[in-house]
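Below you'll find the structure, written out as structure tokens, and then a few comments.
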Amino acid sequence: MNASKIAYKPVGMALGAVSGVIAGAAFKRTWKIIEGEGDAPDAMDEHRSWQQILIASAIQGAIFAVVKAAVERSGAVATRRVTGRWPG
């Protein structure tokens, strides 16, 4: 394992945590736009339909994937600028 990969590990972990926070906030905001008021349905919420739960899960998954990719890519680009090497 080269030095840039080792140096990037803690950065990648921190970026992962940041992306989770950003994605969670983006999903909450998106769900409020879709649903109006209230929290997103939980899989164990017996008062919500299958349709609501599955749609909310699909939207949440898509948002998390896009935010994670954007944050990881930004971190890799920043690492290349600093070290001159791609961290992957």
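Readers should treat all values here as calculations from the given coordinates under stated rules, not as data from a laboratory. Since the model is a prediction, treat every value here as computed from it, not as a measurement. Neighbour counts run over all protein chains shown; Cβ positions are idealised from the backbone, glycine included.
Can you bin every Cα-Cα distance in region 3-83 into 10 Å intervals starting at zero and give me the percent of pairs per bin, rounded to whole numbers?
17, 38, 23, 15, 7, 0
When the helices in the chain are scored as -39500 (n - 2.57) per DSSP H run of 4 or longer and the sum is shared across all residues, what 222 nm value do you end up with, to the nearest 500 deg cm²/dmol?
On the way: 2 runs with 67 residues, N = 88.
-28000 deg cm²/dmol, from helical runs alone.
Out of Ala58, Val71, Pro87, whose Cα points farthest toward the positive end of the dipole of the chain (charges: +1 Lys, Arg; -1 Asp, Glu; placed on Cβ)?
Of the candidates, Pro87 comes out farthest on the positive side.
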